[in-house]
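These notes concern the structure reproduced below.
Bear in mind these aren't lab numbers, they're just calculated from the coordinates by the rules spelled out. Quantities reported herein were computed from a predicted structural model and do not represent experimental measurements. Because the Cβ atoms are built from the backbone with ideal geometry, glycine has one as well, and the counts that use them run over all protein chains shown.
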């Protein structure tokens, strides 16, 4: 039964989601700057760690936002256009980030970092170096591998044809598969193969995000509410194993606190999907949204090097906001001077390569595509 049915319509850019994406990026930035595993010459963890250690949940927020806005992008688009939009969105800033990080490692040789070889650099430019068993230039890039596997599911789904009914089947089926894969004994090799597709550790965030787009498009229903509740429950269940993994990085988040933060993430995103945050739709937030993806990509190694360079002359508590501001400025430059110039040409080239027919999208689809193009870790 529909609780708050409303006419089918797409709205313009979700500025409030831009703010949420930027907040997610800052959570990750603060986590890495305060838990740098000895790479920083000043340890912020004793004073900030009790709070900033939960910054890892910024990635989970990214995935939830990605589920919402990427389904928005795929809905009504032909499959090849969806592929062109994803490639042209993710690669320009990524190429710049890989190059800057590799150059910084080569020039400065930060403590705890291995040299970046030519083969490693070239493999990273593909965004999939793990396929050749090569390490990422920057550890934070691992989220892009999760994003692309999500895109693959949507790619296959779009070939079938995206409809409201089929989307419900996909979301419930994916969540069921995620729970079953973790609940029932499966041979290790089979589990690894299935987990590569199902992503049981993070699938609930993508699923919840897609459900929230359904809420936004068709209205809140009891079925979608039940699905969101199931996603939250599975997120809390998986949070325990996630916390165990984070122990290797010196983090010790409490499951109860993590569950409350995850609940807050779900509540805020439900408000965004239902229009509860429309009062925050300030156009200038688009600038924050535009810099979020580059900020996520470049902040760690470049920021740690900048912080260590400042620390001999600047108090650590002044150096921290200065470096964050500098990383934001660099990220804005990448967005404005690289992405905005390279992306259109790359998008056109890929459309021609894939032989995407020229067409005029319906206005509601075009507006959603424009909104989504800035909204993904992903401009996942």
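Note on segment 286-364: percent of Cα-Cα distances in each 10 Å bin, starting at 0 and stopping at the bin with the largest distance, equals 17, 31, 25, 14, 9, 4.
Using only DSSP helix segments of four residues or longer, with each worth -39500 (n - 2.57), what per-residue ellipticity at 222 nm results for the chain after dividing by its residue count and rounding to 500? That comes out to -23500 deg cm²/dmol. What shape does segment 210-330 have by the C-alpha gyration tensor, where a ≥ b ≥ c are the square roots of the eigenvalues, rounded means a/c under 1.5, and otherwise prolate means a/b greater than b/c and oblate the rest? Oblate, because a/c is 1.5 or more while a/b does not exceed b/c. For a test of the definition: using alpha carbon positions, the gyration tensor, and the 1.5 limit on a/c, classify segment 22-107 as rounded, prolate or oblate. Because a/c hits 1.5 or more and a/b fails to exceed b/c, segment 22-107 counts as oblate.
Cα-based values for segment 166-211, radius of gyration first and Dmax second, are 10.7, 31 Å. With neighbours defined as other Cβ atoms within 10 Å of a residue's Cβ, the residues 144, 295, 226 order from fewest to most as 226, 144, 295. With the convex hull of its Cα atoms as the shape, the chain has an orientation-averaged projected area of 19.3 nm². The order of 328, 231, going from fewest to most other C-beta atoms within 10 Å of their C-beta, is 328, 231.
Our note on the geometry: Cα centres of segment 98-112 and segment 225-281, 34 Å apart. In terms of other Cβ atoms within 10 Å, 241, 73, 203 run from fewest to most in the order 241, 73, 203. For the peptides 62-72, 153-163, residues were scored by their other Cβ atoms within 10 Å and the scores averaged per peptide; the highest-first order is 62-72, 153-163.
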